[in-house]
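Only one structure is covered here, and it is reproduced in the block below.
Nothing in this text is a laboratory measurement; each read-out follows from the coordinates by a stated rule. Being a predicted model, the structure only gives us computed values, none of them experimental. Ideal geometry is used to build each Cβ from the backbone, glycine not excepted, and the neighbour counts take in all protein chains shown.
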Amino acid sequence: MSTHRVPSTTRRAQYSPDSDRRADAPSSPTAYSSESGRTYQLDRLIGKGGFGEVYLATPTPGPGIPTQVCVKISDRISGWLREAYFAELLAREKRALRVFDRFVEAEGNHVRYCLAMEYAEHGDLGAWLEREGAQSERFVRREIAAILGALDSLHRGHALHRDLTPFNVFVCEDQQLKLGDFGIATHQLNPRGVTADAFNVFHVPNEIAWGRVRRWQKRDDIYQIGLIAAMLLRGDITSPMRSKDVRGLPCSDHLKEVIHRCLGSRGKRYEAASELIAALKQRPQEAPLGRVKSLAGKRLSFTGFLERPRDEAIAAARNAGAIVQAKPGRGTDVLVRGRPNTLQIAGKDGGSKLIEVRRLAAQGVKVTVIGERQFWRLADTKSRRRAKKAPRN
Ligand SMILES: Nc1ncnc2c1ncn2[C@@H]1O[C@H](COP(=O)(O)OP(=O)(O)O)[C@@H](O)[C@H]1O
Ligand SMILES: [Mg+2]
């Protein structure tokens, strides 16, 4: 089964009630489900895309199903099969659009694959944001955490959504966001991910858009969630959003740090929904300043503005026997922290090096952060000792 489809996310096919109903009218204004025995009166076309057409519909008999539902109709089996299957898998998830009925209708040679699903009264997130504009951090945190619950179930089942764009996240009653359009969702049989063969370049990490990485992984779903969080905060789905734009987002430093890790370098991105859920819950503690006895043999890196020129500090560190690294990593022992630069990605405590130290700490790798004063004390002690030992002429 091919996963290719017209990338659904470039197009915006929204139909208003004033659209020319005649032109939009389905060949048959009803759809009949031999599965449930219900007939769906197709009232209005509300979306059209790669998959097919989506109608607002009234089901009869009514009991056990909302009075208004969406009926999604396609000529092709592939997306329908995926949507029907993943809806079953996520049937208990409050934040995945419910699918009430799945059926196939045949009229002569013509087959229509149909799904009757929950109608999102506020439409897709793209349309809703255009109307409503930027959202508060409180809303963004709450709603992102909620849809991550559904994504976590998918990820725990080793499945990937692969199309988490604003057109596939829906705004339901009480402004609750829900995941929908599982038309290219798939299981991951290989831990390396699945071939990235169907996507829209505007909503995927650069490394995939540019073809450097050909495998879609859970962390790429996470990238898309990070992008959605940024779009919600900005109330804008059209402007490009790079990881360096995160510093301008109207939210707390903590949320900036989290979004930065979703959008930034692939190797440091949260690997799956569960990691992102944990990160959102965890308020960051400012990295406490630690102590070290000596710089000799220590792998050391600097961050922030230092009182003395950086070159001088690097030379002093080397002189004291330290190995200076451009940025901290797994093998780093010490990070010397100068005065914070408030223009950092995530504010005062959110420079990329401090973020990295916190990420390493979460993995059990300890990097001691020391202040500049302690650094100079250690570096100068060493040079004083050297000076003392040096033979006088
Ligand atoms: N359940 C729904 N409630 C409200 N609008 C919907 C619903 N399903 C689809 N739509 C509208 O139709 C568009 C296309 O539907 P979608 O399920 O994403 O199909 P496609 O596979 O064509 O992208 C959506 O972006 C949205 O505007
Ligand atoms: Mg879609």
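At His187 and Asp75, where each label point lies 7 Å from the Cα along Cα→Cβ, what is the point-to-point distance in nanometres?
3.1
Order these by the 10 Å Cβ neighbour count, fewest first: Thr368, Thr238. Numbers along the way, then the final one.
Values: Thr368 19, Thr238 12.
Exposure proxy ranking, most exposed first: Thr238, Thr368.
Quick one: length gained pulling Thr58 to Asn341 fully straight, 0.36 nm per residue minus the C-alpha distance?
Working: separation 283, 0.36 × 283 = 101.88 nm, distance 5.79 nm.
Computed gain between Thr58 and Asn341 is 96.1 nm.
Hey, what D do you get for region 228-375 in µm²/s if you plug the Kirkwood alpha-carbon radius into Stokes-Einstein at 20 °C and 1.002 mPa s? List each step's numbers first, then the result.
Working: Rh = 16.3 Å.
Here the translational diffusion coefficient equals 131 µm²/s.
If I model a spin label as a point 7 Å beyond the Cα along the Cα-Cβ vector, how far apart are those points for Lys281 and Gln363 in nm?
The answer from the label model is 2.2 nm.
Would you mind giving the average projected area, over all directions, of the Cα convex hull of region 236-280 in nm² with one decimal? Show your work: numbers first, answer last.
Numbers: hull surface 13.9 nm².
For region 236-280, averaging the hull's shadow over all directions gives 3.5 nm².
Quick one: length gained pulling Asp174 to Arg138 fully straight, 0.36 nm per residue minus the C-alpha distance?
Working: separation 36, 0.36 × 36 = 12.96 nm, distance 1.49 nm.
Additional length available on full extension: 11.5 nm.
With the cut-off at 1.5 for a/c, could you classify region 19-117 from its C-alpha gyration tensor as rounded, prolate or oblate?
Numbers: a/c = 1.42, a/b = 1.26, b/c = 1.13.
Since a/c stays below 1.5, the shape of region 19-117 is classed as rounded.
Over 27 Å between Cα atoms, which of Lys256/Lys298; Lys218/Lys298; Lys48/Lys268; Lys178/Lys218; Lys268/Lys293 qualify?
Working: Lys256/Lys298 31 Å; Lys218/Lys298 36 Å; Lys48/Lys268 37 Å; Lys178/Lys218 18 Å; Lys268/Lys293 31 Å.
Distance filter (> 27 Å) returns Lys256/Lys298; Lys218/Lys298; Lys48/Lys268; Lys268/Lys293.
7 Å from Cα along Cα→Cβ at both Glu307 and Thr381: what's the point-to-point distance in nm?
1.7
Taking only DSSP H segments of four or more residues, each worth -39500 (n - 2.57), what value at 222 nm results for the chain once the sum is divided by all its residues, to the nearest 500 deg cm²/dmol?
Numbers: 11 runs with 125 residues, N = 393.
So the helix-based figure for the chain works out to -9500 deg cm²/dmol.
Tell me, what ³J(HN,Hα) does each residue in region 55-72 have, in order and in whole Hz, if you take phi through Karplus 6.51 cos²θ - 1.76 cosθ + 1.60 with θ = phi - 60° and put x for Gly and Pro?
Once θ is set to phi - 60°, the couplings for region 55-72 become 10, 7, 9, 10, x, 9, x, x, x, x, 8, x, 5, 10, 9, 9, 10, 9 Hz.
First measure r as the distance between the Cβ atoms of Gln68 and Asp197, then evaluate 1/(1 + (r/R0)^6) with R0 = 45 Å and state the FRET efficiency to the nearest 0.05. Walk me through the numbers before you get to the answer.
Numbers: r = 35 Å, r/R0 = 0.79.
FRET efficiency, Gln68 to Asp197: 0.80.
Amide H neighbours of Thr368 under 5 Å, counting only residues 5+ apart in sequence or on other chains, H built in-plane at 1.01 Å?
For Thr368, the qualifying residues are Val334, Leu335.
If every alpha-carbon in region 90-199 counts as one equal scatterer, what log10 I(q)/I(0) does Debye give at q = 0.10, 0.13, 0.21, 0.22 1/Å?
Once normalised to I(0) and log-transformed, intensities are -0.35, -0.58, -1.20, -1.25.
Please order Arg38, Arg242 by the number of other Cβ within 10 Å, starting at the fewest. Working shown, then result.
Values: Arg38 21, Arg242 10.
Lowest count first: Arg242, Arg38.
On a 0 to 90° scale, report how tilted helix 218-234 is relative to the longest principal axis of the chain, with both axes built from alpha carbons and the result rounded to the nearest 10.
Relative to the chain, helix 218-234 is tipped by roughly 90 degrees.
Just tell me which aspartates and glutamates come within less than 13 Å, Cα to Cα, of Lys72; anything on the same chain fewer than 8 places away is out.
Candidates past the 8-residue exclusion: Asp43, Glu53, Glu83, Asp101, Glu105, Glu118, Asp181.
Taking the chain as the reference, fit the longest principal axis to its C-alpha atoms, fit the long axis of helix 253-263 to the helix C-alpha atoms, and give the angle between the two in degrees, 0 to 90, nearest 10.
70
Along the charge dipole of the chain, which of Phe199, Ile73, Val357 sits closest to the positive end, that is, farthest toward it, with unit charges on the beta carbon of Lys, Arg, Asp and Glu (+1, +1, -1, -1)?
About the Cα centre, the residue reaching furthest to the positive side is Val357.
Using a Förster distance of 35 angstrom, determine the FRET efficiency expected from the C-beta separation of Asp245 and His158, and round it to 0.05.
On the way: r = 32 Å, r/R0 = 0.92.
Computed FRET efficiency for Asp245 and His158 comes out at 0.60.
For region 299-389, with equal point scatterers placed on the C-alpha atoms only and solvent neglected, what are the log10 I(q)/I(0) values from the Debye formula at q = 0.20, 0.22 1/Å, to two decimals?
-0.93, -1.08
Name the shape class, rounded, prolate or oblate, that the alpha-carbon gyration tensor gives for region 143-261, where a ≥ b ≥ c are the square roots of its eigenvalues, rounded holds for a/c under 1.5, and otherwise prolate holds if a/b is larger than b/c and oblate otherwise. Present the calculation step by step, with values, prior to reporting the outcome.
On the way: a/c = 1.71, a/b = 1.24, b/c = 1.38.
Verdict is oblate for region 143-261.
Would you mind estimating how fast the chain diffuses translationally, via Stokes-Einstein at 25 °C and 0.890 mPa s with the Kirkwood radius over Cα pairs, in µm²/s?
Numbers: Rh = 23.7 Å.
So the translational diffusion coefficient is about 103 µm²/s.
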